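Could you have a look at this structure, given as structure tokens, before my questions?
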Amino acid sequence: MYDNWEELENSIVNCKKCKLCNNRKNIVFGTGKKDADLMFIGEGPGADEDIQGIPFVGKAGKLMNMAFDGIGIDREQVYIANIVKCRPPGNRNPEDDEAVACLDYLRNQVMLVKPKIIVLLGSVALKNILGKEYGITQSRGKWIEKKGILYMPTWHPAALLRDDNKKIEFWQDLKQVKQKMQL
Ligand code: URA
């Protein structure tokens with residue numbers, strides 16, 4: 001574990017810890033406020049993120065930005081990262097060995113950001129951070145406290161593109177987060 005961002009970022013530049021390094025254009029490290037109270041964790045970069053090296057800049061990210069705008073969450077004031085930092089081919093889910101290889105980077109990011117609240121975007125984030133026993137359908141919208149951090153699992157923004165009900169629930173979950181941030 002590194003106790004500063006520079007060393008952590010340098011340590012990842014030539015990462016070859018898993019096979020996702022073979023096809024990546026860019027490592028998508030993370031973006032936002034480095035000491036944010038609120039952090040979002042997604043699954044892994046898609047095509048747009050791979051090209052730009054920034055998380056959530058594609059279709060799903062635009063939808064997330066719209067929810068942020070509507071609810072009053074400032075994207076510049078939060079930190080956003082993913083379970084894996086390189087794009088899984090064809091946008092498949094990250095495999096267990098890839099997630100395991102990458103998770104120490106994310107743990108180090110969480111250690112440096114020290115967020116009060118972490119929003120887990122979708123099943124891959126939920127299971128890799130809190131444990132395989134959690135399911136997104138049962139867990140979404142409910143606060144889970146672990147080691148002094150409050151977690152809010154919710155739908156992955158890409159799931160909203162296919163289902164309007166999930167859009168409403170995503171919105172409700174982020175509203176709970178916004179309310180908690182104001183306390
Ligand atoms: N989906 C994710 O899980 N992360 C991104 O950065 C983009 C899309």
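Derivation of every value follows stated rules applied to the coordinates shown; laboratory data play no part. Quantities reported herein were computed from a predicted structural model and do not represent experimental measurements. Cβ coordinates were reconstructed from backbone atoms using ideal geometry, including for glycine residues, and neighbour counts include every protein chain displayed.
Loop-only check: which trypsin sites (Lys or Arg not before Pro) in the range 1-103 are DSSP coil with at most 14 other Cβ within 10 angstrom?
Working: sites: Lys16, Lys17, Lys19, Arg24, Lys25, Lys33, Lys34, Lys59, Lys62, Arg75, Lys85, Arg92; in loops: Lys16, Lys17, Arg24, Lys25, Lys33, Lys34, Lys85, Arg92.
Counting only loop positions with at most 14 other Cβ atoms within 10 Å, the trypsin sites (Lys or Arg not before Pro) in the range 1-103 are Lys16, Lys25, Lys34, Arg92.
Taking the Cα atoms only, what angle lies between the long axis of helix 59-71 and the longest principal axis of the chain, rounded to 10 degrees?
Orientation of helix 59-71: about 40 degrees from the principal axis.
Then there's this: With the chain treated as a Gaussian network of Cα nodes joined by springs under 10 Å, which of Ile41, Ile12, Ile118 yields the largest mean-square fluctuation?
Residue with maximal mean-square fluctuation among Ile41, Ile12, Ile118: Ile12.
Counting every Cα pair in the chain, what percent are over 22 Å apart? Mind dumping the intermediate values first?
On the way: 6721 of 16653 pairs.
Above the 22 Å cut-off, the chain has 40 percent of its Cα pairs.
Assigning unit charges at the beta carbon (Lys, Arg +1; Asp, Glu -1) and nothing else, what dipole magnitude in debye, to the nearest 20, does the chain show about its Cα centre? Intermediate results must be reported in sequence, preceding the final value.
Values: 28 positive and 24 negative charges, 63 e Å.
The dipole magnitude comes to about 300 debye.
Please report, in debye to the nearest 20, how large the charge dipole of the range 101-183 is about its Cα centre when each Lys and Arg carries +1 at its beta carbon and each Asp and Glu carries -1 there.
Details: 15 positive and 7 negative charges, 43 e Å.
Dipole of the range 101-183, to the nearest 20 debye: 200 debye.
Where Lys and Arg each count +1 and Asp and Glu each count -1, what net charge lies around Leu161 among other residues with Cβ under 11 Å from its Cβ?
Numbers: positive: Lys59, Lys62, Arg162, Lys166, Lys167; negative: Asp163, Asp164.
That sum, taken over residues with Cβ under 11 Å, equals +3.
Moving on to the next point. What ratio of Cα Rg to 2.2 N^0.38 Å holds for the range 91-183?
Numbers: Rg = 13.6 Å, N = 93, 2.2 N^0.38 = 12.3 Å.
Relative to the rule-of-thumb radius for its length, the range 91-183 sits at 1.10.
What does the charge count near Gly58 come to, summing +1 for each Lys or Arg and -1 for each Asp or Glu among other residues with Cβ under 12 Å from its Cβ? Mind showing how you got there, number by number?
Details: positive: Lys59, Lys62, Arg87; negative: Asp48, Glu49, Asp50.
Net charge around Gly58: 0.
For the range 131-179, what Kirkwood radius comes out of the mean inverse Cα-Cα distance, in Å? Working shown, then result.
Numbers: mean 1/r = 0.0872 Å⁻¹.
When all Cα pairs of the range 131-179 are included, the Kirkwood radius is 11.5 Å.
Then there is this: Run through every distinct alpha carbon pair of the range 30-77 and return the Kirkwood hydrodynamic radius in angstroms, one decimal place. Present the calculation step by step, with values, prior to reporting the outcome.
Values: mean 1/r = 0.0878 Å⁻¹.
Radius from the Kirkwood sum: 11.4 Å.
Would you mind counting up the charge near Ala36? Only other residues with Cβ under 11 Å from its Cβ, with Lys and Arg at +1 and Asp and Glu at -1.
Numbers: positive: Lys33, Lys34, Arg75, Lys114, Lys116; negative: Asp35, Asp37, Asp74, Glu76.
Local charge sum for Ala36: +1.
A follow-up question, please. Would you please name the GluC sites (Glu not before Pro) within the range 71-169 that are DSSP coil residues with at most 14 other C-beta atoms within 10 Å of their C-beta? Display every interim value, and only then the final one.
On the way: sites: Glu76, Glu95, Glu98, Glu133, Glu145, Glu169; in loops: Glu95, Glu133.
Here the GluC sites (Glu not before Pro) that fit, given the DSSP loop and packing criteria, are Glu95, Glu133.
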